[in-house]
Amino acid sequence: MKNENENPSWSEHAEETETAAEDIPAILRTLLIADDVVKLKTLKGDFTNEKASKLSHAIAVTIDGMVLTALKDKGLAEEMVSVITEYMRNGAGNPLPYHHLLHLLAYTYRLEIDEVTHEPSELFESYAWVKSEMDLDNVEEQRAELEEEVDDATEQFKIVREEGKDNQMFA
(Lines give C-alpha, C1' and ligand atoms only; values in the text may rest on other atoms or scores of the structure.)
Protein backbone atom coordinates (compact mmCIF):
# COMPACT_ATOMS: atom_id res chain seq x y z
CA MET A 1 0.00 0.00 0.00
CA LYS A 2 1.29 3.41 -0.88
CA ASN A 3 -0.02 5.05 2.27
CA GLU A 4 -0.97 2.88 5.21
CA ASN A 5 -3.65 5.39 6.22
CA GLU A 6 -5.53 4.97 2.93
CA ASN A 7 -7.54 2.03 1.69
CA PRO A 8 -6.46 0.57 -1.63
CA SER A 9 -8.71 1.44 -4.54
CA TRP A 10 -10.77 -1.22 -6.23
CA SER A 11 -9.02 -0.66 -9.56
CA GLU A 12 -5.60 -1.46 -8.07
CA HIS A 13 -6.74 -4.95 -7.08
CA ALA A 14 -9.52 -5.75 -9.54
CA GLU A 15 -7.55 -8.42 -11.43
CA GLU A 16 -6.59 -10.44 -8.36
CA THR A 17 -10.13 -10.13 -6.96
CA GLU A 18 -11.72 -11.53 -10.12
CA THR A 19 -9.54 -14.63 -10.02
CA ALA A 20 -9.99 -15.10 -6.26
CA ALA A 21 -13.67 -16.08 -6.29
CA GLU A 22 -12.83 -19.79 -6.30
CA ASP A 23 -10.52 -19.29 -3.32
CA ILE A 24 -13.09 -17.58 -1.09
CA PRO A 25 -13.07 -20.22 1.69
CA ALA A 26 -9.26 -20.05 2.00
CA ILE A 27 -9.31 -16.25 1.87
CA LEU A 28 -12.11 -16.19 4.46
CA ARG A 29 -10.07 -18.38 6.80
CA THR A 30 -7.06 -16.09 6.38
CA LEU A 31 -9.12 -12.95 7.02
CA LEU A 32 -10.74 -14.37 10.14
CA ILE A 33 -7.32 -15.17 11.56
CA ALA A 34 -6.07 -11.74 10.45
CA ASP A 35 -8.93 -10.19 12.43
CA ASP A 36 -7.64 -11.99 15.54
CA VAL A 37 -4.11 -10.77 14.80
CA VAL A 38 -5.34 -7.17 14.54
CA LYS A 39 -7.02 -7.44 17.94
CA LEU A 40 -3.98 -9.04 19.55
CA LYS A 41 -1.54 -6.54 18.05
CA THR A 42 -3.74 -3.72 19.29
CA LEU A 43 -3.76 -5.15 22.80
CA LYS A 44 0.01 -5.52 22.61
CA GLY A 45 0.36 -1.91 21.46
CA ASP A 46 1.70 -2.65 17.99
CA PHE A 47 -1.35 -1.03 16.32
CA THR A 48 -3.09 2.19 17.26
CA ASN A 49 -6.84 1.99 17.81
CA GLU A 50 -7.29 3.98 14.60
CA LYS A 51 -5.21 1.59 12.51
CA ALA A 52 -6.89 -1.43 14.11
CA SER A 53 -10.30 0.05 13.39
CA LYS A 54 -9.44 0.64 9.74
CA LEU A 55 -8.03 -2.85 9.32
CA SER A 56 -10.96 -4.53 11.08
CA HIS A 57 -13.39 -2.52 8.98
CA ALA A 58 -11.65 -3.52 5.75
CA ILE A 59 -11.67 -7.17 6.85
CA ALA A 60 -15.38 -6.98 7.71
CA VAL A 61 -16.27 -5.33 4.39
CA THR A 62 -14.39 -8.00 2.48
CA ILE A 63 -16.11 -10.79 4.43
CA ASP A 64 -19.48 -9.12 3.83
CA GLY A 65 -18.73 -9.22 0.10
CA MET A 66 -17.90 -12.90 0.34
CA VAL A 67 -21.19 -13.57 2.12
CA LEU A 68 -23.09 -11.67 -0.58
CA THR A 69 -21.40 -13.91 -3.16
CA ALA A 70 -22.32 -17.00 -1.14
CA LEU A 71 -25.97 -15.93 -1.02
CA LYS A 72 -25.99 -16.77 -4.74
CA ASP A 73 -24.15 -20.10 -4.43
CA LYS A 74 -25.24 -22.82 -1.99
CA GLY A 75 -22.01 -24.80 -2.34
CA LEU A 76 -19.93 -21.76 -1.46
CA ALA A 77 -22.29 -20.99 1.43
CA GLU A 78 -21.76 -24.50 2.82
CA GLU A 79 -17.99 -24.09 2.63
CA MET A 80 -18.14 -20.70 4.29
CA VAL A 81 -20.38 -22.00 7.08
CA SER A 82 -17.75 -24.64 7.76
CA VAL A 83 -14.95 -22.05 7.91
CA ILE A 84 -16.92 -19.63 10.11
CA THR A 85 -17.99 -22.42 12.47
CA GLU A 86 -14.38 -23.57 12.82
CA TYR A 87 -13.27 -19.99 13.50
CA MET A 88 -15.93 -19.44 16.14
CA ARG A 89 -14.72 -22.55 17.97
CA ASN A 90 -11.01 -21.66 17.78
CA GLY A 91 -10.69 -17.92 17.20
CA ALA A 92 -9.66 -15.29 19.70
CA GLY A 93 -11.85 -12.46 18.41
CA ASN A 94 -15.46 -11.52 18.96
CA PRO A 95 -17.51 -14.10 17.08
CA LEU A 96 -20.77 -12.12 17.24
CA PRO A 97 -20.56 -10.48 13.80
CA TYR A 98 -19.53 -13.77 12.25
CA HIS A 99 -22.30 -15.56 14.11
CA HIS A 100 -24.78 -13.28 12.36
CA LEU A 101 -23.26 -13.96 8.95
CA LEU A 102 -23.22 -17.68 9.68
CA HIS A 103 -26.92 -17.64 10.42
CA LEU A 104 -27.69 -15.50 7.38
CA LEU A 105 -26.19 -18.23 5.19
CA ALA A 106 -27.80 -21.02 7.21
CA TYR A 107 -31.30 -19.53 7.00
CA THR A 108 -30.93 -18.74 3.30
CA TYR A 109 -30.21 -22.36 2.40
CA ARG A 110 -31.66 -24.19 5.42
CA LEU A 111 -28.18 -25.43 6.25
CA GLU A 112 -27.32 -27.64 9.20
CA ILE A 113 -24.95 -26.24 11.82
CA ASP A 114 -24.01 -28.36 14.82
CA GLU A 115 -26.70 -30.87 13.90
CA VAL A 116 -29.43 -28.22 13.77
CA THR A 117 -31.12 -27.28 10.51
CA HIS A 118 -31.97 -23.60 10.42
CA GLU A 119 -35.49 -22.89 9.21
CA PRO A 120 -36.61 -19.36 8.27
CA SER A 121 -39.70 -19.73 10.50
CA GLU A 122 -37.33 -19.55 13.48
CA LEU A 123 -36.83 -15.86 12.70
CA PHE A 124 -40.45 -15.14 13.62
CA GLU A 125 -40.22 -17.35 16.69
CA SER A 126 -37.15 -15.43 17.85
CA TYR A 127 -38.93 -12.10 17.47
CA ALA A 128 -41.96 -13.41 19.36
CA TRP A 129 -39.72 -14.60 22.20
CA VAL A 130 -37.91 -11.25 22.43
CA LYS A 131 -41.27 -9.49 22.46
CA SER A 132 -42.48 -11.75 25.27
CA GLU A 133 -39.36 -11.08 27.37
CA MET A 134 -39.04 -7.32 26.82
CA ASP A 135 -41.40 -4.38 26.55
CA LEU A 136 -40.67 -3.26 22.99
CA ASP A 137 -43.35 -0.57 22.97
CA ASN A 138 -41.17 1.88 24.92
CA VAL A 139 -37.73 0.52 24.16
CA GLU A 140 -36.36 3.91 23.11
CA GLU A 141 -37.29 5.43 26.46
CA GLN A 142 -35.76 2.44 28.27
CA ARG A 143 -32.52 2.91 26.39
CA ALA A 144 -32.37 6.62 27.21
CA GLU A 145 -32.95 5.94 30.92
CA LEU A 146 -30.38 3.16 31.03
CA GLU A 147 -27.79 5.22 29.17
CA GLU A 148 -28.25 7.98 31.74
CA GLU A 149 -27.87 5.48 34.60
CA VAL A 150 -24.70 4.03 33.06
CA ASP A 151 -23.28 7.51 32.48
CA ASP A 152 -23.97 8.38 36.13
CA ALA A 153 -22.34 5.16 37.34
CA THR A 154 -19.32 5.76 35.11
CA GLU A 155 -18.96 9.27 36.45
CA GLN A 156 -19.16 7.99 40.03
CA PHE A 157 -16.47 5.42 39.26
CA LYS A 158 -14.21 8.12 37.83
CA ILE A 159 -14.67 10.22 40.99
CA VAL A 160 -13.81 7.28 43.26
CA ARG A 161 -10.79 6.41 41.13
CA GLU A 162 -9.51 9.99 41.21
CA GLU A 163 -9.95 10.14 44.99
CA GLY A 164 -8.03 6.88 45.32
CA LYS A 165 -5.01 8.36 43.55
CA ASP A 166 -4.43 10.67 46.53
CA ASN A 167 -4.79 7.84 49.03
CA GLN A 168 -1.38 6.44 49.99
CA MET A 169 -2.89 3.00 50.56
CA PHE A 170 -3.63 2.73 46.80
CA ALA A 171 -0.48 4.52 45.59
(message) How many angstrom lie between the Cα centre of segment 118-141 and the Cα centre of segment 48-77?
(response) 27
(request) Could you provide, to the nearest whole Å², the per residue accessible area of segment 23-135 with probe 1.4 Å? (result) 62
(request) Go through segment 24-33 residue by residue and turn each phi into a ³J(HN,Hα) via Karplus (6.51, -1.76, 1.60, θ = phi - 60°); whole Hz please, and just put x for glycine and proline. (result) 3, x, 5, 5, 4, 4, 4, 5, 5, 5
(request) Amide H neighbours of F47 under 5 Å, at least 5 residues apart or on other chains, H built in the peptide plane: list them. (result) T42
(message) Give me a comma-separated list of calculated 3J(HN,Hα) values for segment 132-140, in order, Karplus coefficients 6.51, -1.76, 1.60 applied at θ = phi - 60°, integers in Hz, x for any Gly or Pro.
(response) 6, 8, 9, 7, 8, 5, 10, 5, 5
(message) For segment 23-135, what is the number of Lys pairs with C-alpha distance below 15 angstrom, counting only pairs 8 or more positions apart or on separate chains?
(response) 4
(request) Would you kindly calculate the mean projected area, averaged across all directions, of the convex hull enclosing the Cα atoms of segment 23-135, in square nanometres? (result) 8.6
(request) Tell me which residues come under 5 Å, amide H to amide H, from I113 once H is placed; ignore anything under 5 positions away on its chain. (result) H118
(message) In whole Hz and in residue order, list the ³J(HN,Hα) couplings for segment 150-161 that follow from phi through the Karplus curve 6.51 cos²θ - 1.76 cosθ + 1.60, θ = phi - 60°; x for Gly and Pro.
(response) 5, 4, 4, 5, 5, 5, 4, 4, 4, 5, 4, 5
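The values are calculated or read from the model by the stated rules, or taken from the named source; none is laboratory data. The structure presented is a predicted model; accordingly, all values stated were derived computationally and were not measured. What goes into the accessible areas is simple: the full protein's heavy atoms, side chains included, and nothing from ligands, DNA or RNA. Shrake-Rupley method; radii C 1.70, N 1.55, O 1.52, S 1.80 Å.
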